[in-house]
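J.: Please see the structure below; I have some questions.
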Amino acid sequence: MIKARSTALFLSLLVAASPFVACNNNADQNNNAQRSSGGNAQDAGPDTGIPSSGGSGLDESQAPPASPVDSGVMAAVVDSGVAVEDPNQRAGRPPAPPPRPEMNSAARDAYRQGLSAAQTGNLAGARDAFDRALSSDPRAFAAAYNAGIIAERQGQDPQADSYYQRALTIQPDYELAVVARSRLLIRQRRVGEAVQLAGAIATRYPGNFLVRAEYARLLVTAERYDEAVNEARQILRIDERNVAAKIAVAEAFRARGRLDNALQIIDDVINGSDPNHPNNGPGANDARAHYLRALLRIEVNRDVPGAIQSFTRSVELDPQYAEAHNNLGVYLLQAGNAPQAVEHLRAATALAPSWAKAHLNLGDALRAMHQYDEATTSLQRAQTLDPSMVEVHYNFGRLHGEQAREIPSQGIDNLNRKIALLQQSQQAFDRFRNALGPQFTNHPRAADVTAQVERLTALIARTQTVLQREQRRAARAGGAGGADAGASSGASGANAGASAGSAGGDAGR
C-alpha cells in the first residue's frame, strides 16, 4: 500500500506564565559582560552545551515535515510479496523513512482537545487530553511527544523524557521527539547520551535528513567537529539547499574559531545568492539560522544592535525558542533595556523551567529593575537547579551590594541593615572567588571581584563607625535609660544583621 506523507503544522504553545501571546545550549557561555550587567549566561550554541533547537512547540499533525529527499511515496510490499522499488534508491538516495500511523477517531478527538487546551494556557488539561489520546490509540506518537512538551513546560523533566521515549518507541524516526529529547539530555549535561540517541536513529534511517542534521549539530556539541562536517556534507551532496545541514557546518566552523566562514554561510542561507534581494534564501524563515547569525554578529563584530535584531527575528519565527529568548534578554540588558530583558527572560524560564542559566539571567535583569525580592527568588532557583554554577555567587554579591546602597546611612536600624547587606555582598564575592580556586586568577571577573571586596571592606568599616557614633548620640540624648535602650537596639540590630548574613550565606552556597 502506497502512503503519502503530509507536512506537519506547528502550533505555538502559549504558556500561561509567559508574557508573550505571539511572538530552544548549552553549557552556556558565560557572558563576559560589562559592568552594566551581572553574571549573565548567554547560550553560545551547541559547541558550548545546550543545543538550541527551534520548533519545540506542539505538533499539530501526526506526520512531521517531509525529509528534503522524500518523494512522498513510500516503499511497499504488494500482496504477491514483491517489493515495489523505492525511487530514492533508484536515484542513489537513501531509502525513504517508514510510514507513520494515523490516529483513530477517538484519539484524534482527544488530541484536538489537547491542542485547544494548550492554546489557552491550560497545561494540565492539555496533558490530560494527550494522555487520553494515547489511551485510545497506543500508536499516537504525536500525542506522546506533545505530552512531553507539556511536561517540560510544567518543569517535570523526568516525565517529559518518558513521553519522548514513548513517542520514539512508537515511531523510531520521529524527528521532533529526537530533537526534544536530545535538547533535554543536553540541558542535563548528558551529551554522550544525546549523541548516541540521534546517531543510532540517523544510522538506522538515513533518509530522514532532519534527524541526520540534528545528529550533526550534536556532534558539534560533543566537539567531534570532523564527524559533524562529514555528516552534514553527506546530506548536502544529495540536497545542496538543505538548511539544517548548512547550519550544522556553520556551527562546526564557529566552534573551531572560523567565525568569518561561519557567518558567511549563515548570511548566504538567510539572504540567498542575489545581493539585490536579501532575506530571500532558503533559511530566511528559519529561527535557528537567525539565532546563529546573532551569536556570530557578536563574536565577529561585537555588533550588539545587530545581534538583538537577529535574536528578535528568531523569537518571532519561533516563539517557543527558549534559548533565543534568553540571549535576547541578555543583550537587551546590556543595551540598557531592562524592562524588555525581563519580559524575554521570563519567557525563557516559562519555556524551560529547569534551565538554571535562564533563572540566573532573569535574576540579574530583575536586580537592574530594583525588584530585589524577585531577583533573590530567581537566583535561589538557579542555584537549586545547578548548585555548581559559580556565577550565582557573583550575582548575589551585586544584588546585596545594590540593596545596601539604597538604604540611608543614618538611623541605627538602617545602619544595622546596611552593614548586614554589605557583609552578605562581601561573603558572596568571597564564595565566587573560592569556588573558582586557582582558576580565579585568570577569570574575566577577577579584577572586578577583587576591587569589590576591597571596597566593601572599607565601606563596612566606615558604616560601623557611623553606627557607633549614632549609638553614642542616642545614649547621650536619652541619659542612662537612653543608653540602655540604644545598647539594646544596637544589639538587636546586630543580631538581625547576623541572621540576615547567615541567610545570604545559605542562598549563595
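J.: Working carefully through the options Ala245, Ala200, find the one that is buried (at least 24 other Cβ atoms within 10 Å of the Cβ) and assigned to a helix (DSSP H, G or I). Full working, then the answer.
T.: Values: Ala200 fails: buried (at least 24 other Cβ atoms within 10 Å of the Cβ).
Within the list Ala245, Ala200, the selection yields Ala245.
J.: Report the residue count in the stretch 203-228 for those that are polar (S, T, N, Q) and crowded, with 24+ Cβ neighbours inside 10 Å.
T.: Keep residues of the stretch 203-228 that are polar (S, T, N, Q), which gives 203, 208, 221.
Among the residues that remain, those that are also crowded, with 24+ Cβ neighbours inside 10 Å are: 208, 221.
Within the stretch 203-228, residues that are polar (S, T, N, Q) and crowded, with 24+ Cβ neighbours inside 10 Å number 2.
J.: Got a sec? Which of Asp131, Asp109 is in contact with a helix residue (DSSP H, G or I) (Cβ under 9 Å, 6 or more places away or on another chain), at pLDDT 95 or above, under 17 Å from Ala177 (Cβ atoms) and surrounded by fewer than 24 Cβ atoms within 10 Å (Cβ to Cβ)?
T.: On the way: Asp109 fails: under 17 Å from Ala177 (Cβ atoms).
Sole residue among the options that is in contact with a helix residue (DSSP H, G or I) (Cβ under 9 Å, 6 or more places away or on another chain), at pLDDT 95 or above, under 17 Å from Ala177 (Cβ atoms) and surrounded by fewer than 24 Cβ atoms within 10 Å (Cβ to Cβ): Asp131.
J.: With respect to Ala341, determine if the residue is out of contact with any His (no Cβ under 9 Å at 6 or more places or on another chain) and at pLDDT below 95. Steps first, please.
T.: Numbers: out of contact with any His (no Cβ under 9 Å at 6 or more places or on another chain): yes; at pLDDT below 95: no.
So Ala341 fails the test.
To keep it simple, each residue is scored yes or no on (1) outside any helix (DSSP H, G or I); (2) at pLDDT 95 or above; (3) more than 16 Å from Val342 (Cα to Cα).
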residue: Leu360; (1), (2), (3): no, yes, no
residue: Leu366; (1), (2), (3): no, yes, no
residue: His370; (1), (2), (3): yes, yes, no
residue: Thr376; (1), (2), (3): no, yes, no
residue: Gln380; (1), (2), (3): no, yes, yes
residue: Lys418; (1), (2), (3): no, yes, yes
residue: Leu421; (1), (2), (3): no, yes, yes
residue: Ala428; (1), (2), (3): no, yes, yes
residue: Asn434; (1), (2), (3): no, yes, yes
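J.: Among the residues of the stretch 412-439, what is the count of those that are hydrophobic (A, V, I, L, M, F, W, C) and more than 26 Å from the chain's Cα centre (by Cα)?
T.: Step one: of the stretch 412-439, the residues hydrophobic (A, V, I, L, M, F, W, C) are 412, 415, 419-422, 428-429, 432, 435-436.
When the remaining residues are screened for being more than 26 Å from the chain's Cα centre (by Cα), the result is 412, 415, 419-422.
The number of residues fulfilling the criteria is 6.
J.: Assess whether Gln410 counts as being modelled with pLDDT under 95, touching a helix residue (DSSP H, G or I) at 6+ places or on another chain (Cβ under 9 Å), surrounded by 24 or more Cβ atoms within 10 Å (Cβ to Cβ) and not in a helix (DSSP H, G or I).
T.: Numbers: modelled with pLDDT under 95: yes; touching a helix residue (DSSP H, G or I) at 6+ places or on another chain (Cβ under 9 Å): yes; surrounded by 24 or more Cβ atoms within 10 Å (Cβ to Cβ): no; not in a helix (DSSP H, G or I): yes.
No: the conditions fail for Gln410.
J.: Go through the stretch 134-182 and report how many residues are surrounded by fewer than 24 Cβ atoms within 10 Å (Cβ to Cβ), small (Gly, Ala, Ser) and under 25 Å from the mean Cα position of the chain (by Cα).
T.: 4
J.: In the stretch 233-290, which residue that is of a type in the set (Lys, Arg) and over 19 Å from Ala202 (Cβ atoms) is modelled with the lowest pLDDT?
T.: Step one: list which residues in the stretch 233-290 are of a type in the set (Lys, Arg), which gives 233, 237, 241, 246, 254, 256, 258, 288.
Then keep just the ones that are over 19 Å from Ala202 (Cβ atoms); that gives 241, 254, 256, 258.
Numbers: Arg241: 88, Arg254: 96, Arg256: 94, Arg258: 96.
Among them, the one singled out is Arg241.
J.: Within the stretch 372-400, restricting attention to residues that are crowded, with 21+ Cβ neighbours inside 10 Å and small (Gly, Ala, Ser), which residue is nearest to Arg189 (Cα to Cα)?
T.: Among them, the one singled out is Ala382.
J.: Which pairs have Cβ atoms under 6 Å, sit 6 or more apart or on different chains, and link a residue in the stretch 292-308 that is closer than 14 Å to Gln264 by Cβ to one that is assigned to a helix (DSSP H, G or I) and β-branched (Val, Ile, Thr)?
T.: Leu292/Ile266; Arg293/Ile266
J.: Return only the number of the condition from (1) at positive phi; (2) part of a helix (DSSP H, G or I) that Arg212 does not satisfy.
T.: (1)
The values are calculated or read from the model by the stated rules, or taken from the named source; none is laboratory data. This one's a predicted model, so the numbers in the text were calculated from it and none came from an experiment. Every residue, glycine as well, gets a Cβ built from its backbone with ideal geometry; the counts of neighbours run over all protein chains shown.
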